[in-house]
Structure formats: structure tokens, C-alpha cells
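The values are calculated or read from the model by the stated rules, or taken from the named source; none is laboratory data. Please read all numbers here as calculations on a predicted model, not as lab measurements. Cβ: placed from backbone, ideal geometry, glycine included. Neighbour counts: every protein chain shown.
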Amino acid sequence: MAEREAKPPWSAVPRAVKAEVARILGSPVASAERVYGGYAPSATFRLVLRNGRRAFLKSTYPLPKGSAVVWGVADEERAYRALGARIRPWAPALFGSFDVDGWHGLVLEDLGPADVPPWTARLVRRAAHDYAAFHRANLGMRPTAVATATLWRLFTDRWPKADLSRVARLARGRDDEALEWLDVAYPQLREAGPRLVRARTRRTLLHLDTRSDNLRVRRGLRLFDWNFACVGPRELDVAAFAQSITAEGGPAPERFVEAYRERLDLDDRLLRLAISAIAGLFAQRAPEPPIPGLPRLRSIQRRQLRSSLAWAARLNDLPDPGWLAAVPD
């Protein structure tokens, strides 16, 4: 198992930051539990205040020179402030933010501890229904300066940037089989992103980073980490979320789609283009060298390569990519 991210303990948080958090919340912090789960080394804590209230703290901090870690908190804060009314039923409340001593943080409603994985059929159905409600509530949304209509396109043009020989080498002992499969499938898969961009569809607000580490679901779907919020085709959000559940050992993505369609329709063609494009994202990223400070990132990307490419193969009537079984976690 890969090592965990090196997240700072509460004792490493500067006094000035702690004082500002207390000012925002109206009470000093009595205890702080360091939270793991995501794939970045941001400082994250579940807080209990002296007055008994709870809150969640997420913050960046000064990184060593040359660090490859890229923070997204500034974009996330802009999304919370600009999209508050649209995301509030599904997002935690933002109590405040701070920028102190090189620490830029958000003070949010505490949504409780992680509740998935494991993903059960019941939780998948609940998540799908609530995700459909989120998309339905924002159908026809116009782009804004924060939620643009172009950000999502950055995640759909990756097949031409993927090195197929490096992807094939991930399938240890079956790399020749993998490369042969990729050579056959590539012409069809590489066109998915451009076709999705050109497609006419009714747009909605997208979260675009919906994974178990960015949500709670047992008491209704709640989403955080909104730094990729944008306006685009809901099929892209659905494809990305559904394959991530499978990558974490949950049901096949078709089960999520089936439940989602009980609340909101999906275009089969757009869904096929979306998952094909997403598979290209992981084909590009999964073979890359590890990033210092992000020890588990390539592992989850390899798992998502397996789930997304297998689903894309089914939807495109491509031969079964059995070689994916040789791609390690």
C-alpha cells in the first residue's frame, strides 16, 4: 500500500492561523482531528470548538522550493462565493476564509467522517438520484466568470497526448497484447473528445471531481472540492463519477447510470463520448512518474484507467481489453 500524504498536524498550524479560525467561528478550537482521504497533502482537520460546535478546516501552506504540488483552494473559494445559491443544497456551508502567514484556508461546515467506500448498491442508487437532482436544478445555466463553459474541455483532449507504448507497459507481462488492442482502438477513442466538444446539448453545472474523497452520501449527497466547477454536458460528470465508483471496488458504472436515469435522462451518444474521453485522461496520466508529495495519485489513476477504459470498450463495441487485469493498483 502506498504511503499516506504528509499532512501537517495541528501543532504545526501557526498561532495566527488558529486565532483567525477562532475569530471566524466565534470560539477557540478545543480539539482538531487530522483528516486523510484525498490525494493532496493539504492541511485538513475536523474541529471541535470550545462552545461545542463543529467545523472543517482545509488549508494550503508554504511548500518547499521546487515542489510539484499545485493547490486548488483559491479556485475552490471563488466557486463557493460565486455559486453559493446554486450549490448550497449539495455543498457544505462556507463560514469564512483566511490568508495568513502563507496559509490560505477555508472554514466549512463539518459533514462528518468519510462514509464510502465501500460502495453498496443502495448507496450508489442514492448518490445517483441526488446527482441527477443537482444537475436538474441547474439545467440551462449560463456560463459565468467562475463557472466557465470551457474548463471541462481541458479533460477531454488527452488521447493524442497519451503515449500508447507507456500505457501498454502498465500491463505487466501482457504489454504486447495491450499495445495491439490500443492500436486498434485508438482511432475511435481519440475522436471522442472533439466530438463531445462539438455536440449540441443542454448544459448544466458540473462538479467535475466527484469521487468518494470529495463527498458524503449516507444522509444525502453532499459535495466539496468545487475548484473544477464549470458549465457543460452532464454526461461528462456522470461518466467520471460512475467509473470512479467502480475503480473503488463498487458496482459496475452501468448501475449508477441506470439509477441516475430514474431521475434524469442521459444521451447515450454523449455518455459514450464522455467516458471515452475520460479514459484518455487516465491513459495520459497513469503511466507518468510519481509526483513527490502525492504518493497515492498514480495508483488511483491506474485504477480509474482500468474502470474507464473497460467501460469505454463496452460502449464502443470494442474487443474486451482483458489486458487491463494486468495493470496493478
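Annotations
- Qualifying residues in segment 271-312 (those that are over 19 Å from the mean Cα position of the chain (by Cα) and surrounded by fewer than 19 Cβ atoms within 10 Å (Cβ to Cβ)) - the one nearest to Ala178 (Cα to Cα): Pro289
- Only helices (runs of 4 or more DSSP H) whose full extent lies in segment 245-329 are considered here, and the ones with at least 3 residues that are within 30 Å of Thr60 (Cα to Cα) are 268-285, 297-315.
- Scanning segment 36-62 for residues that are of a type in the set (A, V, I, L, M, F, W, C) and touching a residue at least 60 places away in the same chain (Cβ under 8 Å) gives Ala40, Ala43, Leu47.
- Taken together, Pro64, Pro117, Pro89 contain a single residue that is out of contact with any helix residue (DSSP H, G or I) (no Cβ under 8 Å at 6 or more places or on another chain) and either β-branched (Val, Ile, Thr) or surrounded by fewer than 19 Cβ atoms within 10 Å (Cβ to Cβ) (or both), which is Pro64.
- Residue check: Arg200 meets all listed conditions (1) modelled with pLDDT of 95 or more; (2) under 16 Å from Leu270 (Cβ atoms) but one, namely (1).
- Filtering Gln284, Gln243, Gln301 for residues that are of a type in the set (S, T, N, Q) and free of Cβ contacts under 8 Å to residues at least 24 places away in the same chain leaves a single hit, Gln301.
- Test for Val69: is it in contact with a Ser or Thr (Cβ under 7 Å, 6 or more places away or on another chain), touching a residue at least 40 places away in the same chain (Cβ under 8 Å), closer than 30 Å to Cys230 by Cβ and not small (Gly, Ala, Ser): no
Condition check ((1) crowded, with 19+ Cβ neighbours inside 10 Å; (2) charged (D, E, K, R)) across all residues:
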{"residue": "Asp157", "(1), (2)": "no, yes"}
{"residue": "Pro160", "(1), (2)": "no, no"}
{"residue": "Asp183", "(1), (2)": "no, yes"}
{"residue": "Thr204", "(1), (2)": "yes, no"}
{"residue": "Arg219", "(1), (2)": "no, yes"}
